Amino acid sequence: MNARPHRSALYIPGSRPRALDKARTLPVDVILFDLEDAVAPDAKCEARTTLAAALAQGYGPRLTIVRINALDTEWGNADAAAVASMNCDAVLLPKVNGPADLDALAKLLPGKPLWAMMETPQGVLNAQAIAAHPALAGFVLGTNDLAKDLGSRGRDALTMALQHCLLAARAAGIVAIDGVFNAFKDDVGLRAECDAGRDMGFDGKSLIHPAQVAICNDVFGPGADEIDLARRQIEAFEAATASGQGVAVVDGKIVENLHIFTAQATLAKAEAIAALENS
């Protein structure tokens, strides 16, 4: 994977012009323009037109992804036809159960990068095959729908599913974005869940409110201490290598070649975030 940041992925309803305009001013890495859950059935058609006009104006360096309705709904095929000419980076398909779902969309949108909502038990069980699809660029976890289908309570009950999807994403070299945190006024709870997702290995988190962006960016972006440690690890390892040694010691801990890969990735991500914020 490249170092492009995916720390924050904010859902924006495709039917709301004011929200679409405001999104251009937010320090968010990814915008998930929604034509599915956030748009009422009688507003689906108008939302396509509204969203197409907004996307035509551009969203700067932000990654723009449009979530369409599933192809087995009455709106899915029309969404796919509309998004084919939209100025977006990728298309997000909900409720992906297996590679065949992506095959069907890829035929309608040849050459367009696809993303998959991982939010059904069948989809989670088929995560490895889905992740390996040649058109797929990333996963977005749909934890609300998954919890509903499982009949589960609390995030801990989803740990196995989250890890399974993350393993599949890493094996395929694609991005994995964690599910939403519903209590958008609970900053303490949000930070705790971001910390848990970051510690697990997710690239970022999907969000339902602009007020969540700052905390999400802070947690999923390397902090000053991480950047400093990465630089010192690289310097120490280069010095050790130059003197014929295979390992270095930094802050009382062994630093091997594998730690240098992580350190280099940290610095690359920090540079990419700085470039994004300065563009």
Hey, among the residues in the range 105-128 that are open to solvent by 50 Å² or more (accessible area, probe 1.4 Å) and hydrophobic (A, V, I, L, M, F, W, C), which one's farthest from residue 164 (Cα to Cα)?
108
Any idea how many residues of the range 78-97 are open to solvent by less than 10 Å² (accessible area, probe 1.4 Å) and in contact with a helix residue (DSSP H, G or I) (Cβ under 6 Å, 6 or more places away or on another chain)?
4
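Hey, could you check the range 223-257 for residues that are in a helix (DSSP H, G or I) and closer than 30 Å to residue 189 by Cα and say which is least open to solvent (accessible area, probe 1.4 Å)? Give the derivation first.
Pass one, the range 223-257, residues in a helix (DSSP H, G or I): 224-242, 257.
Then drop every residue that is not closer than 30 Å to residue 189 by Cα, which leaves 224-230.
Numbers: 224: 79, 225: 130, 226: 86, 227: 32, 228: 74, 229: 61, 230: 3 Å².
Checked the range 223-257; the qualifying residue least open to solvent (accessible area, probe 1.4 Å) is 230.
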Matching residues in the range 58-77 (touching a residue at least 24 places away in the same chain (Cβ under 8 Å) and either of a type outside the set (A, V, I, L, M, F, W, C) or open to solvent by 10 Å² or more (accessible area, probe 1.4 Å) (or both)) number 13
Just to check your reading of the model, which residue among 186, 195 is of a type outside the set (A, V, I, L, M, F, W, C), out of contact with any helix residue (DSSP H, G or I) (no Cβ under 8 Å at 6 or more places or on another chain), at pLDDT 95 or above and surrounded by fewer than 15 Cβ atoms within 10 Å (Cβ to Cβ)?
186
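Would it be correct to say that residue 204 is surrounded by 23 or more Cβ atoms within 10 Å (Cβ to Cβ), closer than 18 Å to residue 7 by Cα, of a type outside the set (A, V, I, L, M) and in contact (Cβ under 8 Å) with a residue 60 or more places away in the chain?
Considered against the rule, which asks whether it is surrounded by 23 or more Cβ atoms within 10 Å (Cβ to Cβ), closer than 18 Å to residue 7 by Cα, of a type outside the set (A, V, I, L, M) and in contact (Cβ under 8 Å) with a residue 60 or more places away in the chain, residue 204 comes out as yes.
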Report yes if residue 90 is under 13 Å from residue 140 (Cβ atoms) and touching a Pro at 6+ places or on another chain (Cβ under 7 Å), otherwise no.
yes
So, of the residues in the range 134-186 that are of a type in the set (S, T, N, Q) and in a helix (DSSP H, G or I), which turns out to be farthest from the chain's Cα centre (by Cα)?
159
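Does the range 40-59 contain at least one residue that is in a helix (DSSP H, G or I) and of a type in the set (Ser, Thr, Tyr)?
The answer is yes, given that some residue of the range 40-59 is in a helix (DSSP H, G or I) and of a type in the set (Ser, Thr, Tyr).
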Conditions (1) of a type in the set (S, T, N, Q); (2) open to solvent by 80 Å² or more (accessible area, probe 1.4 Å); (3) closer than 25 Å to residue 192 by Cα: number failed by residue 266
(2)
Only one of 20, 10 that is assigned to a helix (DSSP H, G or I), in contact with a helix residue (DSSP H, G or I) (Cβ under 7 Å, 6 or more places away or on another chain), open to solvent by less than 20 Å² (accessible area, probe 1.4 Å) and of a type outside the set (Ser, Thr, Tyr):
20
Output the qualifying pairs, or none if there are none: Cβ atoms under 9 angstrom, residues six or more apart or on different chains, first residue in the range 145-173 and free of Cβ contacts under 8 Å to residues at least 24 places away in the same chain, second residue of a type outside the set (Ser, Thr, Tyr) and open to solvent by 70 Å² or more (accessible area, probe 1.4 Å).
147/153; 157/150; 158/150
Identify, from the list 220, 261, the residue that is of a type in the set (Phe, Trp, Tyr) and open to solvent by 60 Å² or more (accessible area, probe 1.4 Å).
261
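The values are calculated or read from the model by the stated rules, or taken from the named source; none is laboratory data. Keep in mind the model is a prediction, meaning the values are calculated, not measured. Because the Cβ atoms are built from the backbone with ideal geometry, glycine has one as well, and the counts that use them run over all protein chains shown. We work out accessible area using only protein heavy atoms, side chains counted, and drop any ligands, DNA or RNA first. Shrake-Rupley method; radii C 1.70, N 1.55, O 1.52, S 1.80 Å.
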